[in-house]
Each structure stands twice: as C-alpha cells, then as structure tokens.
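Engineer: Take a look at this one; I'll ask things after.
The values are calculated or read from the model by the stated rules, or taken from the named source; none is laboratory data. Keep in mind it's a predicted model, so treat the numbers as computed, not measured. Positions of Cβ are backbone-derived with ideal geometry, glycine not excepted, and every protein chain shown enters the neighbour counts. The area values use the complete protein model at the heavy-atom level, side chains included, leaving out ligands, DNA and RNA. Shrake-Rupley method; radii C 1.70, N 1.55, O 1.52, S 1.80 Å.
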Amino acid sequence: MLLSMEHLRKEYPNGKIAVDDFNLEVDRGEFIAFIGTSGSGKTTTMRMINRMLNQTSGTIKINGKDISKMDPVKLRRSIGYVIQNTGLMPHMTIQENIEMVPKLLGWSKEKREEQAHKMIALAQLPDEMLQRYPGELSGGQQQRIGVVRALAADQELILMDEPFGALDPITRESLQDLVKHLQRDLGKTFIFVTHDMDEALNLSTKVVIMSQGKQVQVDTPENILRHPANEFVTNLIGEERLIRAQPNILTVSQIMLTNPAAITPDKTLEDAIEQMHERRVDTLLVTDKDNVLQGFVDLDDINRIADAHTPVSRFTQDRVFYVKANALIGDTVDRILKKGVKNVPVVDEDKHLVGIVTRTALVDIVYDALHGAPDANEKPASPINADIHAAATREGGEMPQ
Amino acid sequence: MMHFLATYGTQLLSKTGQHLLISAAALGLGVIVAVPLGILLTRMKHGANLVMSLAGVLQTIPAMALLAMMIPIFGIGSTPAIVALFIYSLLPILRNTYLGMQGVSPTVRDAAKGMGMTWWQMMTQAEIPLAAPVIMSGIRLSATYVIAWATLASYIGAGGLGDFIFNGLNLYRSDLILGGSIPVILLALLVDYLLGKVERAVMPKPLR
Ligand SMILES: Nc1ncnc2c1ncn2[C@@H]1O[C@H](COP(=O)(O)OP(=O)(O)OP(=O)(O)O)[C@@H](O)[C@H]1O
Ligand SMILES: [Mg+2]
C-alpha cells in the first residue's frame, strides 16, 4: 500500500465542509482519477496528500507512515505536483522552473541540466525553449512545462490537478500517453483530477467519483461503466458513453437467451422433429446427459433420412461454433458476425450449454456502439437499447425478448 | 559662482558628505525596519491597516516638530536627525513592500510551496524577487524625501547642506541659500536616477 486515506474530513475556517469521510487505498503503480462536479472537493482532497492543506480529521499514510508526523517540506519534495493553474515561476526561465525540485533536493548542476533537456523533450517542446520565460510561452506550452516539472525529480507519487485542461486534443493525447506509459511501464503512481470522463476512464485503474465532498463511487472504469452506482454517476458518465462502452463491458451471458432448444443424442428423429415444431426452430443443439454441448441437428439433414427411429446421434453435426459465457461481446462479435450464423450457442468453462445469442441482439449493440443511440438524450432510444441498458446495470441480467 | 566655489568649495564637499551620510543612515535603517515589517504585515490577517495608519500619522507630524521632539531623547547632533528622518522614510517603504508582496500571485506562492520550498526559500527565491520592483520604487521615493528633509537636520546641529541654507537665512545671503539648495536638488535627482537603475536591475527579466 503506497497511500491510504482514512475517514478524511476537511472543514474550512468558514465552516464549509469540503470533504467528508473520504476513504481510499492506493497501491503502487495505480492511476487514480478524481472526477466530479465543480466544488466537489477534488482539489481539497488532493492537497491534503502533500499537506498543502491539513485535514480537520482522519489520517493519511504514505508507505505506512502518518504524514502528519512528517516534515511537510520534505514530504512535498517527495511528491510530484501539477497545480490547477500551472503555477510556473514567471521570473525564472523554463529551465529554472523544471530544475526547481531537483535543485531543492540538492542534485548536482550537471544532473539537473541533463534532466531539464530530457524533460523538455518529453514535453515535446524545442530545446531552445529552456532559455525562455513562461510569459513567452502559450498557455498550452506552459501547461506542458507544468506537467514535466512535476516529473523532473522522478518521484514515485505524482499529483495532478487538471493537468491537461488547456490543451488541444492532439497534445492532450500525447501527454496522456506519456503519463500512462510512466504509470504502466515505470510503475509510477498517479492521482489525477479531471473533468473529462473519457480521460478518467481511459487512463485510470480506479475512478473516484465525487459529489459535494463525498465519494459517490470508487471502482475500476469497467465496473463503473457496468454498474453506475446511481443516477448521478449515470448522468456524469452520460447515456451516450454507456452505450458506446457496451461491447467492452457486456459479457455474452448478459445478452444471451437462457433456454436454448436442445436435445440429447439418444433421442430419435421423431422426437427431434416434434421439438422443432414445438419451439418453432429449424435447428436443435445437441447436448449429452450432463448438458455438455456435442453439436447440432439441422432440419435439412433430417429431411434426407427416412427412418423415424434413427437416433439423433446419427445426424448430429459436431462442428459447432460456440462462444464462452464470460467473453466480452467486443471480443467475440467479429467472429460471430463473420460466421454468418443466426444463433450461437453459449457455453460455460466446462462446455456446458448455458444459452444462445441471437445475431439480431449482437448487431444492435454493435450498431449503437459505433454510431451512438438514435437519440441519446431521449432515453430509452429503442426497446432493445432499453433492455440492454437494463442488462448492463443488473448483474447477470438476461435479455428478455 | 566661481567665487562661491573658491570660498566654500571644501566646506561644500564636507557638508554634502555629511548630508549624504545622514540620509543614507536614515534610509538604511528605514529599509532594514520597513521591508521586513511590510513582509510581516502581509502574513498577518489583522494589524496591517493599524500599522499602516500609524506610519501614516507619523508622516504627518511637521518635520520641525519631529526634530524638536528628538532633542529631549537623543540630544542634539546627527543621531536625533537620523532617527527623525528614519521615521519619515518608513511609510513609503512599508506601503510599497506590503503592496508588492500582496501583488505576488497566489498561484506562484502556491506553486513555490507545493514544490517543497521552505518559508525562507519562498521568500528569497520567489516572493521577494517578484515584489522587488515595487519595493524598490518605495525605497526610491523615501530616498528623495529623506534627502530633501535632511536639510532641516542642520537645525538641531546635525550639519549637512542645511547649514548653508540656515546661515543664508540668518545672514540674508541668497548665495548661501542657493549654494545649499542646488546641491540638495542635484543630490536628490542623482540618487533618484541611480536608484531607478537599481530598480530596473532587480526587476525580473521577463517583466522589464
Ligand atoms: N480556502 C477555502 N475556504 C473556504 N472554502 C473553500 C476554500 N477552498 C475551497 N473551498 C470550498 O470547498 C469546496 C471544494 O473545493 P475544491 O476546490 O476542493 O473543489 P474541486 O472539486 O477541486 O472543484 P473544481 O472542479 O472547480 O476545481 C468548494 O465548495 C469550495 O468553494
Ligand atoms: Mg479543483
């Protein structure tokens, strides 16, 4: 555990309770995103971590050590910090700005200079810019310097308060890639405040959704998309995004029908035809007595056989295409659609038959994910969407049809 | 003119020296006291206004009266003069230091602290450098005041260029009055010019 926050509470002198009973455990190498409405206490929470603010009550521990017992100056030097409004020193050159923390930490001049060159490259800005002053840079360029300044001293934990707010989409994406790389490949830990839901969902290992000083939901991006805790979260994520995300969060089991028409191999042709008639289908899945999928029988094949007492096993086709119940739709949809089959049997880990997916249900989901619901504001957009949405918000939900 | 210089040349030099010395001492003391006090005031929630108006009141005491009030405490000579001029120098420096420090953007202060600067490092590496031009212009203003008022110091026996002027007044000698006044004016202009240079020098490069 790198960082733990327990029952944190912050009441400002004016009586405003900005953070109330905040709890969070952060492992090394995690990427935590704070997201929430303006004034929900994100900055306040973040600033308690490096003691820019002292909590009213509760404890924060870093590597098991209570930070209220640490020297705040040393603590701050050990944590990278990108402040909300960039905060470059206007009277220092870009190089001096980048070297600030390394200098405070007593790095040698050569090492600092080397790091400054490395950091300006990381910010994707020309090396000559090191000699300029912040006032001579554009807002976006300043923000990039603000980000790399927080990385310059190579700290393990980095706090970022809306670091990419003023950036164009291309620069923003490349900086997002950069921090993601630092987290995933170098094991740095990030705590990150953003107003951009896509950014939060794409970058983080854990999202903390805040409203009015309280945590509304703390979970992985997948789980938040799958089970938004309440309407506030749903609204924050946006209907549109929930629909788009479906292929990547819905599993096959959540959209399958659970009573597939099936028959055992020891039954006769007569039985098969009767069951097809009853269920009004032209194929039957064949399972053994333990419900393990064996293959299927097709009405066309049956027609060619005269004897009504022939066992089903004689004309079972064993080359059957099936999918696993816990597979993500996004991962299987291509294969299913390419096969051109109407229905695909769904099996569990031991190949027991558990359901069937129809091509229509799949197509609907894929279509919505690609193009958005017909009108995302007007919910439910179509009966099928409504069902899928219901399925998405209910654990193991089935799709009634 | 030549005649005046020939007669009073050496005296003029020594009086100018005295004048400068008194002014510099008063101004130096003023800087030593008012700059830290001004910084301190920005750290206090209350009291800034009180101290500032107190300094304002001191400023309004007529110079002659202030000098006279020094005599019972410090006797006569340059000490009471320096103290009185020091009191006059306080307000402009105090006010500008206070305003200059207040003018440092909270974001900058926040960033300096957030990067892990100690209080002293924040002061010397961020806030004071950024407030320096405003503080310097306060010091510059004080300097001109002090040089002008140092003329009155002669009244309590502190010497300086005021000696010429007071003698001139007593003896109805306009050459002595001018001989004292013109150097005071030149001195004030020169010091103002030089401190203006300093002000520019301490200004952070990108703000020049
Ligand atoms: N110094 C302060 N004194 C009193 N109240 C404050 C102070 N700082 C913040 N607040 C209040 O505390 C609440 C939380 O503020 P905070 O800055 O943590 O919000 P935030 O989630 O970061 O918002 P934003 O997204 O706008 O940056 C707000 O209601 C704010 O008005
Ligand atoms: Mg904020």
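Engineer: Against the conditions (1) β-branched (Val, Ile, Thr); (2) under 30 Å from A:LEU242 (Cα atoms); (3) open to solvent by 40 Å² or more (accessible area, probe 1.4 Å), where does A:ILE273 fall short? Just the number, please.
Structural biologist: For A:ILE273, the exception is condition (2).
Engineer: Say we look at the stretch A:62-75 and pick out the residues that are within 11 Å of chain B (Cβ to nearest Cβ) and among the hydrophobic types (A, V, I, L, M, F, W, C); which of these is farthest from ligand 1 (Cβ to nearest atom)? Spell out the reasoning first.
Structural biologist: Residues of the stretch A:62-75 that are within 11 Å of chain B (Cβ to nearest Cβ), as a first pass: A:71-75.
Those left that are additionally among the hydrophobic types (A, V, I, L, M, F, W, C): A:73, A:75.
On the way: A:VAL73: 21, A:LEU75: 20 Å.
Here the residue is A:VAL73.
Engineer: Determine, yes or no, whether A:ARG112 is under 36 Å from the mean Cα position of the chain (by Cα), among the basic types (Lys, Arg) and either away from ligand 2 (no atom under 16 Å from the Cβ) or at pLDDT below 95 (or both).
Structural biologist: Details: under 36 Å from the mean Cα position of the chain (by Cα): no; among the basic types (Lys, Arg): yes; either away from ligand 2 (no atom under 16 Å from the Cβ) or at pLDDT below 95 (or both): yes.
Spelling it out, it is not the case that A:ARG112 is under 36 Å from the mean Cα position of the chain (by Cα), among the basic types (Lys, Arg) and either away from ligand 2 (no atom under 16 Å from the Cβ) or at pLDDT below 95 (or both).
Engineer: Quick check: is even one residue across the stretch A:245-265 open to solvent by 10 Å² or more (accessible area, probe 1.4 Å), assigned by TED's automatic domain parsing to the domain that holds A:VAL320, at pLDDT 85 or above and more than 41 Å from the chain's Cα centre (by Cα)?
Structural biologist: Within the stretch A:245-265, one or more residues are open to solvent by 10 Å² or more (accessible area, probe 1.4 Å), assigned by TED's automatic domain parsing to the domain that holds A:VAL320, at pLDDT 85 or above and more than 41 Å from the chain's Cα centre (by Cα).
Engineer: Do we have any residue at all in the stretch A:77-89 that's away from ligand 1 (no atom under 16 Å from the Cβ), assigned to a helix (DSSP H, G or I) and under 25 Å from B:TRP119 (Cβ atoms)? Break it down into steps so the answer makes sense when it comes.
Structural biologist: Of the residues in the stretch A:77-89, the ones away from ligand 1 (no atom under 16 Å from the Cβ) are A:77-80, A:88-89.
This time we only want the ones that are assigned to a helix (DSSP H, G or I), so: A:77.
Then drop every residue that is not under 25 Å from B:TRP119 (Cβ atoms), which leaves A:77.
Taking every residue of the stretch A:77-89 in turn, at least one turns out to be away from ligand 1 (no atom under 16 Å from the Cβ), assigned to a helix (DSSP H, G or I) and under 25 Å from B:TRP119 (Cβ atoms).
Engineer: Taking the conditions exactly as written (more than 30 Å from the chain's Cα centre (by Cα), away from every other protein chain (no Cβ under 11 Å) and surrounded by fewer than 18 Cβ atoms within 10 Å (Cβ to Cβ)), does A:GLY106 satisfy them or not?
Structural biologist: For A:GLY106, the condition - more than 30 Å from the chain's Cα centre (by Cα), away from every other protein chain (no Cβ under 11 Å) and surrounded by fewer than 18 Cβ atoms within 10 Å (Cβ to Cβ) - is met.
Engineer: Report the residue count in the stretch A:76-91 for those that are open to solvent by less than 20 Å² (accessible area, probe 1.4 Å) and more than 8 Å from chain B (Cβ to nearest Cβ).
Structural biologist: 3
Engineer: So, one more: Does B:VAL198 qualify as being among the aliphatic types (A, V, I, L, M) and within 30 Å of A:LEU88 (Cβ to Cβ)?
Structural biologist: Numbers: among the aliphatic types (A, V, I, L, M): yes; within 30 Å of A:LEU88 (Cβ to Cβ): yes.
Yes; evaluated as a whole, the condition is true for this residue.
Engineer: Looking only at the stretch A:134-162, how many residues end up being more than 21 Å from A:GLY106 (Cα to Cα) and within 16 Å of ligand 1 (Cβ to nearest atom)?
Structural biologist: 5
Quick grid of which residues meet (1) in a helix (DSSP H, G or I); (2) touching a strand residue (DSSP E or B) at 6+ places or on another chain (Cβ under 6 Å); (3) β-branched (Val, Ile, Thr):
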{"position": "B:THR7", "(1), (2), (3)": "yes, no, yes"}
{"position": "B:THR10", "(1), (2), (3)": "yes, no, yes"}
{"position": "B:ALA26", "(1), (2), (3)": "yes, no, no"}
{"position": "B:ILE32", "(1), (2), (3)": "yes, no, yes"}
{"position": "B:GLY38", "(1), (2), (3)": "yes, no, no"}
{"position": "B:LYS45", "(1), (2), (3)": "no, no, no"}
{"position": "B:VAL57", "(1), (2), (3)": "yes, no, yes"}
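Engineer: For the stretch A:43-63, does any single residue satisfy the condition of being in the same structural domain as A:ARG149 (by TED's automatic domain parsing), among the basic types (Lys, Arg), more than 16 Å from A:ASP154 (Cβ to Cβ) and open to solvent by less than 20 Å² (accessible area, probe 1.4 Å)?
Structural biologist: Taking the stretch A:43-63 first, the residues in the same structural domain as A:ARG149 (by TED's automatic domain parsing) are A:43-63.
Those left that are additionally among the basic types (Lys, Arg): A:47, A:51, A:61.
After this cut, where a residue has to be more than 16 Å from A:ASP154 (Cβ to Cβ) as well, the list is A:47, A:51, A:61.
Still in the list and also open to solvent by less than 20 Å² (accessible area, probe 1.4 Å): none.
Among the residues of the stretch A:43-63, not one is in the same structural domain as A:ARG149 (by TED's automatic domain parsing), among the basic types (Lys, Arg), more than 16 Å from A:ASP154 (Cβ to Cβ) and open to solvent by less than 20 Å² (accessible area, probe 1.4 Å), which makes the answer no.
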